[in-house]
1. Run B:Gln12 past the list (1) under 23 Å from the mean Cα position of the chain (by Cα); (2) surrounded by 13 or more Cβ atoms within 10 Å (Cβ to Cβ) and report the number of the one that doesn't hold.
2. Given the criterion in a helix (DSSP H, G or I), under 21 Å from A:Leu175 (Cα atoms) and in contact with a helix residue (DSSP H, G or I) (Cβ under 9 Å, 6 or more places away or on another chain), identify the matching residue among A:Leu9, A:Leu68, A:Leu96, A:Leu56.
3. Residues in the range A:193-213 that are of a type in the set (A, V, I, L, M) and crowded, with 22+ Cβ neighbours inside 10 Å: how many?
4. Could you list all residues from the range B:178-223 that are at pLDDT 85 or above and of a type in the set (Val, Ile, Thr)?
5. Go through the range B:143-158 and report how many residues are touching a residue at least 24 places away in the same chain (Cβ under 8 Å), over 13 Å from B:Arg87 (Cα atoms) and crowded, with 18+ Cβ neighbours inside 10 Å.
6. With farther than 23 Å from A:Arg218 by Cβ, in contact (Cβ under 8 Å) with a residue 24 or more places away in the chain and in a helix (DSSP H, G or I) as the only criterion, which of A:Leu108, A:Leu112 stands out?
7. Would you tally the residues in the range A:157-183 being farther than 17 Å from B:Leu136 by Cα and in contact (Cβ under 8 Å) with a residue 12 or more places away in the chain?
8. Check B:Leu113, B:Leu105 and return the single one that is away from chain A (no Cβ under 14 Å), modelled with pLDDT of 90 or more, out of contact with any Asp or Glu (no Cβ under 8 Å at 6 or more places or on another chain) and in a helix (DSSP H, G or I).
Amino acid sequence: MNEAWIIVLKRDLLLAFRRRSDVATTLFFFLIVSSLFPLGIGPEAAVLSSIAPGVLWVAALLAGMISLTRLFAADFSDGSLEQMLIAPQPLALLVLAKVLAHWIVCGLPVVLLAPLIGLQYALPNDALLVLVLSLLLGTPALSLIGAIGAALTLGVRGSGLLVALLVLPLYIPVLIFGAGAVAASQHGMSAQAHLSLLAACSLLSLVLAPLATAAALRISVE
Amino acid sequence: MKINWFKYSSPQTFYPLAGKMIPWFAWLAAIFAVAGLYISFAIAPTDFQQGEAYRIIFVHVPAAWMSMVIYIVMAAWAALGLALNARLSAMMAQALAPTGAIFTLLALVTGSLWGKPMWGAWWVWDARLTSELILLFLYLGFIALQSSIDDPRRADKAGALLALVGVVNVPIIYFSVKWWNTLHQGSSINMGAAPKMAATMLLGMLLMALAFWMYTVAVALMRVRCIMLERERSTDWVKELSLSVQSTAGVKS
């Protein structure tokens, strides 16, 4: 069972490595969206650092979302998804491997790039640290919840926009706790409560989301 | 005597039953609405703080209640449809969604109409308003997903799963928005500590809620009848029904 899990993970990472431009697109999207806000709002450091937590978190949310449609689409079109459905291993476990690969490819780079953009937004050092920590704790939840939406809209017309409509409302708690953690540390308060809640969101979705995604895949493929 | 619990679980038997129930619920809705509106506009006293403008809560609060109740009922039907693989349950969920979305919208609009004279702003990022807005997004997502999938069986199941995911998330969203709100906003607006309501006000509100409830049942049954006819149009019972309707129409004309 473990073996299948690792094979799927390795395979997805290898596929992503072979199509590096897909990964770069997500990252560039994050970069561009977060660079647009200073252009629209103005370069005052005080204003920028006060909107930074929200803007960076929303940008991370959107970057994670645009890559969701790719999560199952390729496997669906070449038939390997059906093989996973009839595999003896539990589907939820294989889904978890795919989601983990998606997070490593699309979530982790955003987490690593975020402090650089945080610097552009004149965030102080403590807040930068909390930003990275909050993204590290929160982005897995985004990939996990997003996988449900990706599975439900598999092969549906206009799935890219539909996935946004389905998934973004479910992302709201993660956004609130994530941006709240950074804002709290900016105001000299402890970010611990927010980070704990963020970790709770991730853990809860770690337990429930793969099961829901597996059920959604069975509905979509049947 | 053995009761057949599943007698009305097939569209063929439920269609005439729904047709018989609709007038009852419609009349109940009308009676409750007349009584509720009379109490709220003629009998209920003017609020000493808010004046006459407070009367909008007689529509606003029941609409907000119904928007939440309908989502839970919809998810329950969806779960039933998913667990028992019952077509009719999924059709009920589909029939309830638009009414739920309309009540959510009504609650938002009346809320902002009430907010203008009370808070001086059409929109305030109050925890309840915000979570009501998110509830509207959840309804719209459900409707959009169902309408963009052509295969009705898949649309039913996918919608059901989304409704269940939504129901798990609703409390999380509600509390996150509530905490977000208390962090970001001063205590200039405090809806939580509402003053004690006069008994007549409460009665008016309850009657309006009952009216909305009966209206929801009547409208959902009407909609589910349309969905049944549309989905089962190739079956014998629908063909017989349409033939009999045509023949009675022919006799009249």
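1. Condition (1) is where B:Gln12 drops out.
2. Values: A:Leu9 fails: under 21 Å from A:Leu175 (Cα atoms); A:Leu68 fails: in a helix (DSSP H, G or I); A:Leu96 fails: under 21 Å from A:Leu175 (Cα atoms).
Of the residues listed, the single one that is in a helix (DSSP H, G or I), under 21 Å from A:Leu175 (Cα atoms) and in contact with a helix residue (DSSP H, G or I) (Cβ under 9 Å, 6 or more places away or on another chain) is A:Leu56.
3. First pass over the range A:193-213, keeping only residues of a type in the set (A, V, I, L, M): A:193, A:195, A:197-200, A:203-204, A:206-209, A:211-212.
From the residues that got through so far, the ones that are crowded, with 22+ Cβ neighbours inside 10 Å too are A:195, A:197-198, A:209, A:212.
Number satisfying all stated conditions: 5.
4. B:Thr216, B:Val217, B:Val219, listed by residue number.
5. 1
6. Working: A:Leu112 fails: in contact (Cβ under 8 Å) with a residue 24 or more places away in the chain.
Exactly one residue qualifies, and that residue is A:Leu108.
7. Result for the range A:157-183: 11.
8. Numbers: B:Leu113 fails: modelled with pLDDT of 90 or more.
Answer to the selection: B:Leu105.
The values are calculated or read from the model by the stated rules, or taken from the named source; none is laboratory data. None of these values were measured; they are calculated from a predicted model. For neighbour counting, all protein chains shown are included, and Cβ atoms are generated from backbone atoms with ideal geometry for every residue, glycine included.
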